[in-house]
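The values are calculated or read from the model by the stated rules, or taken from the named source; none is laboratory data. All values derive from a computational prediction rather than experimental measurement. Ideal geometry is used to build each Cβ from the backbone, glycine not excepted, and the neighbour counts take in all protein chains shown.
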Amino acid sequence: MRILYLCLAFVAGAAASLQVPVNAALRTNLTHPMQATFASFVVGMLASLVCCLVLGSPLPSADSMSRIPWWAWFGGVLGMIYVGTAIVVSPKIGVAPMLSMVIAGQMVASMLIDHFGLLQAPLFHATPLRLVGALLVAVGAAIMTIGK
């Protein structure tokens, strides 16, 4: 099952890479980066709705929604920051350097989240081998940004 999850994560990464130039194309046809960000999220919301309907996912109850921590509602805001930034930055520096810095930022934040169990995430301590992996990702990001 772990292999399946790793493959799905790889596909999600590829989708994130494709999302950058697709959203940048939206930007070239709209008058402001936030309009492109908005358009991207509207389509994503509609796609999510279709998936819920196809999968037979019921609407959440008011009780279950009331138990959600306040900070958990900000996932959409974080997505907006990512999409909006990618729309503005990728045409200026390229998709690969932009995403290499995104990945470096993800690596630093994810190591902290895992190690300290932040935001109710399960603990996965920063072992020496994981730190070496994070360092290699950071070096790769530096090479991608310098090598352009």
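Of all residues in the range 48-89 being within 14 Å of the chain's Cα centre (by Cα) and surrounded by fewer than 10 Cβ atoms within 10 Å (Cβ to Cβ), which is farthest from Thr37 (Cα to Cα)?
Result: Gly75.
Can you tell me which residue within the range 18-47, out of those that are modelled with pLDDT of 90 or more and among the hydroxyl-bearing types (Ser, Thr, Tyr), is surrounded by the most Cβ atoms within 10 Å (Cβ to Cβ)?
Thr37
Go through the range 89-132 and report how many residues are touching a residue at least 12 places away in the same chain (Cβ under 8 Å) and assigned to a helix (DSSP H, G or I). Talk me through it step by step, then tell me what you get.
Step one: filter the range 89-132 for residues touching a residue at least 12 places away in the same chain (Cβ under 8 Å), giving 90-91, 93-104, 107-108, 111, 114, 119-120, 126, 130-131.
Next, only the ones that are assigned to a helix (DSSP H, G or I) stay: 90-91, 93, 95-104, 107-108, 111, 114, 119-120, 130-131.
Qualifying residue count, the range 89-132: 21.
Is there a residue in the range 101-114 that is assigned by TED's automatic domain parsing to the domain that holds Ala134 and among the polar types (S, T, N, Q)? Break it down stepwise before answering.
In the first step, residues of the range 101-114 are kept if they are assigned by TED's automatic domain parsing to the domain that holds Ala134; the result is 101-114.
So of that shortlist, the ones also among the polar types (S, T, N, Q) come out as 106, 110.
Yes, the range 101-114 contains a residue that is assigned by TED's automatic domain parsing to the domain that holds Ala134 and among the polar types (S, T, N, Q).
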